[in-house]
Structure formats: C-alpha cells, structure tokens
Amino acid sequence: MDYDMLVIGSGPSGRRAAVQSAKLGKSVLVVDRGRRLGGVSVHTGTIPSKTLRETVLNLSGWRERGFYGRGYRVKQDISIGDLVERLHKTLDHEVEVLQHQFMRNTVKSARAAVKFLTPNKASLTADNGDYSEVGFANALIAVGTRPHRPADVPFDKKRVFDSDEMLELHHLPRTLTVIGAGVIGVEYATIFSALDVPVTLVEPRNTILDFIDREIVDDFIHQMRDRGMTIRLGSTVKEIASKPDHAEVTLADGRTIRSEMVLYAAGRTGNVASLGLDLVGIEADARGRIKVDPNTFQTSVPNIYASGDVIGFPSLASTSMEQGRVAACHAFGVNLPPPPESFPYGIYAVPEISTVGLSEEQVRDSGAAYEVGLARFRETSRGHIMGVSSGFLKLLFSVETRRLLGAHIVGEGATELIHIGQAVINLGGTVDFFVNNTFNYPTLAEAYKIAGLDAWNRMGHG
Ligand SMILES: Cc1cc2nc3c(=O)[nH]c(=O)nc-3n(C[C@H](O)[C@H](O)[C@H](O)COP(=O)(O)OP(=O)(O)OC[C@H]3O[C@@H](n4cnc5c(N)ncnc54)[C@H](O)[C@@H]3O)c2cc1C
C-alpha cells in the first residue's frame, strides 16, 4: 500500500480526517482537483460568504444604525472592490494556514481528480493529463457538493448567478432577486439588503427554514420585511430570462419580477459523477449523496468512508469536520464515545440565527410538559450600549426534569452565544444553572440569565 489513508477532497472534512490520521502516525495523501487546497468552505462557501458579511456590516455601519438611524453609513460608496479586497486577504490566509498544517503533520497533498479503480486502488488525473495510480488501505470520500444548476436556468455570470459565481460579481447589483430561501439564499439576500440593495426573495414553499423554531423564523421574516425586503413565499418559478439590461423571473401565477441580477440558490448536488463509485460498488442517490453508517461513516465498502456535504444533512463545515475526524479514528481502531445528540446550527444571515436542541414544535409534539423563557436583547444593558433594537433568546425547559431542551436565538451574536445553550443541554443542565450562576454584566449572554429567570418564575422553584 502506498498510503494508510487516501483523502479525496481538502474541505473541512478531508482536512480534519487527514490531520487526525497523521496524528495517529499514519501515512496520508490528500488529493483535491481544485486549484488550491481548502474546498468549498474556503473558496466559495463558508469563509467567503462570512467575510463578505463581515465587510458589509463594517462598511455599511449596520451595527450602529440602531443609534444613528437607517441612513447611517461608515463608507458612502461601497464598491465590489471594497468587498473583494478583504475576501482575497482572508482566503489567502486560510490556505496558508492549511498548507502549513499539512506540512507540520507530514500530510502529503496533490492536485488531481480521483477515480476509484478497486477498493484499494485509485487513479489520479492532473489537469495536464498526467496519470498515476495510488494504493491505499483506507479512503475517505470528502468531495462535497456543487450548486444545483437546472438546464433551463440561463446562468451567464452577467444577470443570472449561482452561489459560487456571486463572488465574481463585476459590480454590486442595483436590484437583486434571490431564488430559494434556504440557508445560502437567506444569507446572501440579507447581506445585499444590508447594503441597501432592494432584494426580492422567492421561495416555492409557504414556509422557510423549517428545521428552526417557528417563533424565531417568524421574527426573522418580520425583520426582513421591516427593512423593505420583498418576500414571496408559495411562489413557484416558471421561467428565468436574462435580458440585455435586466433579468426577468416569471412566476407560475403569471407575475414577473425584474431585477438587475438573479441569484439562483436552490439546492446542491454531490460531486460523485466521476469518482468511479460503480467500480467499487458504492451507490449515490439522485442528488449525488452517499449513504453511510451514521456512527462510523463507513460506506457499503468497509474501508471506504464518506463524510461532509456528500453524505447530506446537515451539510455544515462544522459538522463535516467532526465527521472526518470520527471516520479517521474509526479507520485506525480508535474507539470514540457516541457524539452528543445536539449540535448547533448557525445561519449567518443579517440578523444571525442560531439554534441547538429541540424546537418548541418538537417539544410540543413529544407531549412533554414544558416551559419557555424569553429574553429580548433590547432589554439587556449590553443591548442598550450597542443600540440593539431587535433579537431575542428563547429557552425551552422540561417541567418534569427542569432540563434545558432547546435554545434558539435570532439577533446580534447568535452564532457565538448559542454555545452556552449547547454546553448546558449536552451536559444535562437545568433551569437552575441559569438562575444560580452569575453572568458577566453587561453582556448579551446575560440574556440567558434573564430567560432562565423568566421560565423559573413560572415553573415553580424546584
Ligand atoms: C455559500 C455557502 C455558505 C456556507 N456557510 C456555512 C457556514 O456559515 N457555516 C458552516 O458550517 N457551513 C457553511 N457552508 C457549508 C460548508 O461550506 C460545507 O458544509 C463544507 O464546505 C463541506 O465540506 P466538505 O468536507 O464536504 O468538502 P467541500 O468543502 O465541499 O470540498 C470538497 C472538495 O473536494 C474536491 N473534489 C471533488 N471531487 C473530487 C475528485 N473527484 N477528486 C479530487 N477532488 C475532488 C473539490 O475540489 C473540493 O475542493 C456554506 C456553504 C455555502 C455554499
């Protein structure tokens, strides 16, 4: 065997699996067909969209508008150049750190497209046609996904874009239509809206973000509408046309939406087409997703693992990393305890949403008696200082066990604050934790104390 572990794809999952394997003393080769290491996460997904968001919030003065009014701006004329400058610096830094990490851990890397030949052998084909074969004891498929591009959508990088292409804009759109109100759609829609670009968000279903607590989503939709975004739920798209000076979206009910640009963000497909899965007997579904054992991440071929977006929900960089690490540990006989049931979900829209544990709908469906504790950020001193006028934290507690069942946040800092809720849920903590502990003051985290007290006062005092 040439390598103990062949990792296909250098995104979050492949990266963690590679480093973990190396730390266990194993020989590792990471192969990615992309121009640079890092995967979707570094080049077209997580890091670019979050960098764009940060730049937009800083340059637009978004966080200060609670004090200085909606007309406030830090920089008057924000150009695409302003946004891209920070993007390139951040991405370069990410790649540099990753390369250094591989070097330190003696993880080898190569640029090529990988195709399985047998369960222990694969071919590597470089862009220039160079061909080689590599033998491996174990392999991890961490090839991720690409935007779903239906044949009848006229993607042209001028009027109609997918989410990868949004990073190649020549100028900021004067008006934007976003099709698909999934996580990627709402993130980009709200980021551009924070730049005062008029945005229309179109979604065929009548609800959005169905895996999130309804009260949080309702507040989020209210905030989007309140700042002038148009949200068309229950609207199926019949046709998208790219015209010389605008794009036109025709809905099934006959209405049309004109805008300078359209972002089509309706789903993603696994990169499995050229992997030679049929040659080793691994199947993928119609969306290119591979089925794995949920505890070990083994595919139907025991020495070939799959993790990250190519195995489907939750399709997050954060969960992909963990899956890669767990797969590597399993491959080399390291027994891990079962993972905690609850992991946090972060949506970096403007405002942020983050959630962990059960939603109120799920608790209600379970039939268990529960109590809700709520704290609005505008009622915290930190919120006053920051000029925060919206956002809240919602906690759900079991009346019987007093344990925290779910924590849900919409508003400033949600994706950081959620980890307090995550720790309490996964450590089996109760409402009494929030009531008995002192929190730094003034902080937004104090909202946990307030929400805890809110529930405690109604639950009885244990
Ligand atoms: C716009 C956007 C925003 C996002 N925001 C967030 C966020 O805020 N937080 C979060 O947790 N997640 C976010 N995600 C999701 C996150 O990016 C993915 O969950 C994560 O990148 C998946 O990692 P992965 O390990 O599956 O590999 P990926 O990052 O998908 O990388 C896969 C790599 O495999 C390579 N590859 C594919 N086929 C082959 C082949 N045959 N041979 C060799 N190499 C191959 C590709 O070139 C690619 O580099 C976002 C995604 C998008 C698109």
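How long are the semi-axes of the equivalent ellipsoid of the range 78-200, taking √(5λ) for every eigenvalue λ of the Cα gyration tensor, in whole Å from largest down?
Details: eigenvalues 268, 81, 37 Å².
Those come to 37, 20, 14 Å.
Over the chain, with the other protein chains present, what is the accessible area per residue in square angstrom, probe 1.4 angstrom? Let's see the in-between values first.
Details: 20930 Å² over 462 residues.
Here the residues of the chain average 45 Å² of exposed surface.
Summarise the accessible area of the chain (1.4 Å probe, protein heavy atoms) by the percent that is carbon and sulfur.
Working: 10520 of 20930 Å².
That fraction is 50 percent.
Each residue of the range 293-304 in order: what ³J(HN,Hα) in whole Hz does its phi give by Karplus 6.51 cos²θ - 1.76 cosθ + 1.60, θ = phi - 60°, with x for Gly and Pro?
5, x, 9, 10, 6, 7, 7, 5, 9, x, 8, 10
Quick query: amide H of Thr175 versus all other amide H atoms, modeled in the peptide plane; which residues come in under 5 Å with a sequence gap of 5 or more or a different chain?
For Thr175, whose amide H was placed from the backbone, the distant partners under 5 Å are Glu260, Met261.
For the range 293-349, place one equal point scatterer on every Cα, skip the solvent, and apply the Debye formula. What is log10 of I(q)/I(0) at q = 0.22, 0.30 Å⁻¹?
-0.88, -1.39
Amide H of Leu140: which non-local residues (sequence gap of 5 or more, or other chain) have their own amide H closer than 5 Å, using H built in the peptide plane?
Leu6, Val7, Ile8, Tyr305
Using mean Cβ contacts within 10 Å as the protection proxy, how do 202-209, 139-146 order, highest first? Write out the running numbers ahead of the final one.
Numbers: 202-209: 17.2, 139-146: 27.5.
Ranked by mean Cβ neighbours within 10 Å, highest first: 139-146, 202-209.
If you average 1/r over all unlike Cα pairs in the range 345-459 and invert the result, what Kirkwood radius do you get in angstrom? Intermediate results must be reported in sequence, preceding the final value.
Details: mean 1/r = 0.0721 Å⁻¹.
Result for the range 345-459 stands at 13.9 Å.
Rank by packing, highest mean first: peptides 41-47, 222-228, 16-22, with packing defined as the count of other Cβ atoms within 10 Å averaged across residues. Can you show the working numbers first?
Numbers: 41-47: 22.9, 222-228: 14.0, 16-22: 26.1.
Ranked by mean Cβ neighbours within 10 Å, highest first: 16-22, 41-47, 222-228.
So for the chain, Kirkwood radius off the Cα pairs, Stokes-Einstein at 4 °C and 1.567 mPa s: how many µm² s⁻¹?
54 µm²/s
Radius of gyration and Dmax for the range 160-266's Cα atoms, expressed in Å?
Cα only, the range 160-266: 13.2, 42 Å (Rg, Dmax).
Which loop-located trypsin sites (Lys or Arg not before Pro) does the range 43-105 contain, where loop means any DSSP state but H, G, I, E or B and the Cβ has at most 12 other Cβ atoms within 10 Å?
Loop-located and lightly packed - Arg70, Lys75.
Within 10 Å, count the other beta carbons around each residue, average over each peptide in 77-84, 354-361, 422-429, and list them highest first. Please list the in-between numbers first.
Working: 77-84: 14.2, 354-361: 22.5, 422-429: 16.8.
Ranking, from highest mean packing down: 354-361, 422-429, 77-84.
What share of the DSSP beta bridges in the chain is antiparallel, in percent to the nearest 5?
Numbers: 46 of 76 bridges.
Here the antiparallel bridges make up roughly 60 percent for the chain.
Through the Karplus equation 6.51 cos²θ - 1.76 cosθ + 1.60, θ set to phi - 60°, convert the phi angles of the range 259-272 into ³J(HN,Hα) values in whole Hz; use x for Gly and Pro.
So the J values, rounded to whole Hz, are 7, 5, 9, 10, 9, 9, 10, 10, x, 9, 10, x, 7, 9.
List every residue whose amide H lies under 5 Å from the amide H of Lys26, counting only residues 5 or more places away in sequence or on a different chain, with H placed 1.01 Å from N in the peptide plane.
Hits under the 5 Å cutoff: none.
Pop out the ³J(HN,Hα) list for the range 103-108 in order, Karplus 6.51 cos²θ - 1.76 cosθ + 1.60 with θ = phi - 60°, rounded to Hz; leave Gly and Pro as x.
Along the range 103-108, the couplings run 4, 4, 9, 6, 8, 7 Hz.
Excluding residues fewer than 8 places away in the same chain, name every one of the lysines whose C-alpha is closer than 29 Å to that of Lys89.
Lys50, Lys75, Lys108, Lys157, Lys158
The values are calculated or read from the model by the stated rules, or taken from the named source; none is laboratory data. Remember, predicted model here, so these are calculated numbers, not experimental data. Positions of Cβ are generated from backbone atoms using ideal geometry, with glycine treated the same way; all protein chains shown enter the neighbour counts. Heads up: the accessible areas ignore ligands, DNA and RNA and are worked out on the full protein's heavy atoms, side chains in. Shrake-Rupley method; radii C 1.70, N 1.55, O 1.52, S 1.80 Å.
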